[in-house]
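A.B. asks: Below: one structure in structure tokens.
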Amino acid sequence: MAKKAALGKGLNALMGEKEPPEAPRTPLEIRLEEIHRNPDQPREVFDEQALEELADSVRQHGILQPLLVRPVKNGYEIIAGERRYQAAKKAGLEKVPVLIREADDSESFRLALIENLQRSDLNPIEEAQGYKLLMDRDGLTQTKIAEEVSKSRAYVANAVRLLDLPNEVQDLLTQGLLTPGHARAILAVADEDGRVRLAKQVVEGSLTVRQTENLAPLYSGSFEPPHTRTVAPDSFKRAARQLREALGAPVRVKQVRGKNRIEITFEDEDELKRLVSTIVRWEDDHA
């Protein structure tokens, strides 16, 4: 992945500028009540503790970097500097320094997206939504977006795919309980219900990405080729459920090519030893 410093060049290209913009003028002091949030602000989730720390800094030192705003009908709209704006409100400031720039809706959104990407301020879902909006509203291809934000096309494509996850799983990503690596493994599960169930198990069990990848086929039913699958009788389902509860591990009871099988999934050697010990102890107790 390219260094983040390259994003500055990408911003100029994204804005259609062949030369760097003019040096910013002296900031103006604008009343906070005249400034409004950008409704298309890519970032929706803010770390409250970090925001409080920034507000404390603002109380002591003021706003060190001006907000970038654009004129709108009822005042000014933020292009870049949402966190500084929020911190200023918490700090009780009446005025903040701003730089005013003429920009249409598309340009304003692109600037806001790039600023957040440069600062790594976006969670994976916010980033994916930003790319998707550039595709849907501005007609940019994944390849074009990748060029402008100095990332690979595969990176952008994988980011956008996260939006195919159920909302419940997207929320876990937003909260930081799942990583994009976990999410890509969960996307291997075909149906929505299976994706939600696997995501919950990943969170509850603090599973690694590799463990999630290994479990995904269990939730997608892709262990056997389609022509070998048969509908399991209710007795098989009951047995599998009882074994899962007794062993504390994924269990399948099924018939393959006329033969009945019990499959127990385990993660590592320690888990295997625990399962063997549980089964042996059960046999001893019922001997």
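A.B. asks: Evaluate the distance, in nm, between pseudo-label points positioned 7 Å from the Cα of Thr208 and of Asp164 along their respective Cα→Cβ axes.
C.D. replies: With each label point 7 Å from Cα toward Cβ, the separation is 2.6 nm.
A.B. asks: Can you give the net charge of the other residues whose Cβ lies under 12 Å from the Cβ of Gln201, counting K and R as +1 and D and E as -1?
C.D. replies: Working: positive: Arg195, Arg197, Lys200, Arg244; negative: Glu204, Glu267.
Computed value for this residue: +2.
A.B. asks: Quick check for me: using +1 on Lys/Arg Cβ and -1 on Asp/Glu Cβ, what's the dipole size of the range 71-213 about its Cα centre, in debye to the nearest 20? Walk me through the intermediate numbers first.
C.D. replies: Values: 20 positive and 23 negative charges, 82 e Å.
Using only the charged Cβ atoms, the result is roughly 400 debye.
A.B. asks: Also, I was wondering about something else. Which pairs break 29 Å Cα to Cα here: Lys73/Lys151; Lys73/Lys144; Lys144/Lys200; Lys132/Lys200; Lys200/Lys237; Lys73/Lys95?
C.D. replies: Values: Lys73/Lys151 36 Å; Lys73/Lys144 32 Å; Lys144/Lys200 35 Å; Lys132/Lys200 26 Å; Lys200/Lys237 21 Å; Lys73/Lys95 19 Å.
In this structure, Lys73/Lys151; Lys73/Lys144; Lys144/Lys200 lie more than 29 Å apart at Cα.
A.B. asks: Related question: May I ask you to compute the full-extension gain from Asp270 to Glu53, defined as 0.36 nm times their residue separation minus their alpha-carbon distance, rounded to one decimal in nm?
C.D. replies: On the way: separation 217, 0.36 × 217 = 78.12 nm, distance 4.34 nm.
Difference between extended and current length: 73.8 nm.
A.B. asks: Could you check the spin-label model distance between Glu102 and Gln175? Points 7 Å from the Cα along Cα→Cβ, value in nm.
C.D. replies: Roughly 4.7 nm, to one decimal.
A.B. asks: Could you tell me the calculated FRET efficiency between Glu33 and Gln60, based on Cβ-Cβ distance and R0 = 22 angstrom, to the nearest 0.05?
C.D. replies: Numbers: r = 23 Å, r/R0 = 1.04.
The calculated FRET efficiency here is 0.45.
A.B. asks: Going by the alpha-carbon gyration tensor, a ≥ b ≥ c the square roots of its eigenvalues, is the range 165-220 rounded (a/c under 1.5) or, if a/c is not under 1.5, prolate (a/b greater than b/c) versus oblate? Before the final figure, lay out the partial values.
C.D. replies: Details: a/c = 1.60, a/b = 1.13, b/c = 1.41.
The shape class here is oblate.
Only the coordinates and a few stated rules stand behind these numbers; no lab work does. Since this is a predicted model, take the numbers as computed values, not measurements. All Cβ positions, glycine included, derive from the backbone under ideal geometry; neighbour counts span all protein chains shown.
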